[in-house]
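A quick write-up on the structure given underneath.
The values are calculated or read from the model by the stated rules, or taken from the named source; none is laboratory data. It should be emphasised that the depicted structure is a prediction, and the values quoted were computed from it without experimental measurement. Cβ placement follows ideal geometry from the backbone for every residue including glycine, while neighbour counts extend to all protein chains displayed.
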Amino acid sequence: DIQMTQTPSSKPASLGERVTISCRASQGINNYLNWYQQKPDGTIKPLIYYTSNLQSGVPSRFSGRGSGTDYSLTISSLEPEDFAMYYCQQYDSSPTFGAGTKLELK
Amino acid sequence: EVQLQESGPGLVKPSQSLSLTCSVTGYSITSNYWGWIRKFPGNKMEWMGYISYSGSTSYNPSLRSRISITRDTSRNQFFLQLNSLTTEDTATYYCTRYYYDGYYPHYFDYWGQGVMVTVSS
């Protein structure tokens, strides 16, 4: 199994703040990295696929980058609806997820 | 619009089997790939497996001896069976659709709302 180390586990942040969440894979994953958002009501949706591709309908304040083993999700300016859980997921091999990051209002 | 809805028991006894149904509307399960993912208390997420448009399956190696994913194309439903349950299988179970570009299933683009399953005597 490829292990995904996601940091931070929680992040207090303010409206309008720029935040970055990181994921490090235990081995290279060839950019096969996706990001998801889970809202407090349990709804899960994809944000970014294949490292940097924005899912249709997702605001442009979300962006992804990375290569090799290191990947990141950036939200350029936090909006109220962005306070949620975020997960990275690799699919270079049998899919595995990061442990999640809870974005909280400071 | 593609919609997925899980259904099944909320409480199962240890050593018993879990059977869940995912009902899909707005898209045929004879296209794409369809998967099951679970989220444990404490937020860890685990991919369980998928069934493809052709009926082929792939499972998480950690579950391979206990899991089966099947489908009923006439009802546009697919199913999860997980055997020999323990309390560690307590989780919220989600059914998903993969985004498939014709070459490779890439990511989970549609998710059900999830069904919480508790394993307890």
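Screening the candidates A:Ser22, A:Ser26, A:Ser9, A:Ser67 for the property of being more than 14 Å from chain B (Cβ to nearest Cβ), out of contact with any strand residue (DSSP E or B) (no Cβ under 6 Å at 6 or more places or on another chain), modelled with pLDDT of 95 or more and closer than 17 Å to A:Gly100 by Cα yields one hit, A:Ser26.
Go through B:Thr73, B:Thr86, B:Thr57, B:Thr92 for me and flag whichever is surrounded by 13 or more Cβ atoms within 10 Å (Cβ to Cβ), polar (S, T, N, Q) and either over 28 Å from A:Tyr50 (Cα atoms) or touching a residue at least 24 places away in the same chain (Cβ under 8 Å) (or both). Result of the check over B:Thr73, B:Thr86, B:Thr57, B:Thr92: B:Thr92. Here is a check on your reading of the model: is A:Asp92 assigned to a loop (DSSP other than H, G, I, E, B), within 14 Å of chain B (Cβ to nearest Cβ) and either free of Cβ contacts under 8 Å to residues at least 40 places away in the same chain or among the β-branched types (Val, Ile, Thr) (or both)? Criteria not met by A:Asp92. Among the residues of the range B:100-121 satisfying the criterion of being surrounded by fewer than 19 Cβ atoms within 10 Å (Cβ to Cβ) and without any contact (Cβ under 8 Å) to a residue 12 or more places away in the chain, which is farthest from A:Thr96 (Cα to Cα)? Step by step, filter the range B:100-121, then rank; the result is B:Gly102.
For the range B:22-67, the strands (runs of 3 or more DSSP E) that sit wholly inside it and include 2 or more residues that are of a type outside the set (S, T, N, Q) and out of contact with any Leu (no Cβ under 8 Å at 6 or more places or on another chain) are B:33-39, B:45-52.
Every listed requirement among (1) within 12 Å of A:Asp82 (Cα to Cα); (2) surrounded by 14 or more Cβ atoms within 10 Å (Cβ to Cβ) is met by A:Lys39 save one, (2). Within the range A:1-26, if we keep just the residues that are surrounded by 17 or more Cβ atoms within 10 Å (Cβ to Cβ) and of a type in the set (Val, Ile, Thr), the residue that is farthest from B:Asn43 (Cα to Cα) turns out to be A:Val19. For the range B:21-42, the condition holds for at least one residue, the condition being that it is within 14 Å of chain A (Cβ to nearest Cβ), within 22 Å of A:Gln38 (Cβ to Cβ) and without any contact (Cβ under 8 Å) to a residue 24 or more places away in the chain.
Evaluating B:Tyr50 against the criteria (1) touching a helix residue (DSSP H, G or I) at 6+ places or on another chain (Cβ under 7 Å); (2) buried (at least 18 other Cβ atoms within 10 Å of the Cβ) leaves one unmet condition, (1). Might you let me know whether the range A:44-60 holds any residue that is buried (at least 18 other Cβ atoms within 10 Å of the Cβ), more than 12 Å from chain B (Cβ to nearest Cβ) and within 9 Å of the chain's Cα centre (by Cα)? Checked against the condition, which is being buried (at least 18 other Cβ atoms within 10 Å of the Cβ), more than 12 Å from chain B (Cβ to nearest Cβ) and within 9 Å of the chain's Cα centre (by Cα), the range A:44-60 yields no hits at all. Looking across the range B:1-20, the residues that are over 13 Å from B:Tyr110 (Cα atoms) and either without any contact (Cβ under 8 Å) to a residue 12 or more places away in the chain or in a loop (DSSP other than H, G, I, E, B) (or both) come down to B:Gly8, B:Pro9, B:Gly10, B:Lys13, B:Pro14, B:Ser15, B:Gln16, B:Ser17.
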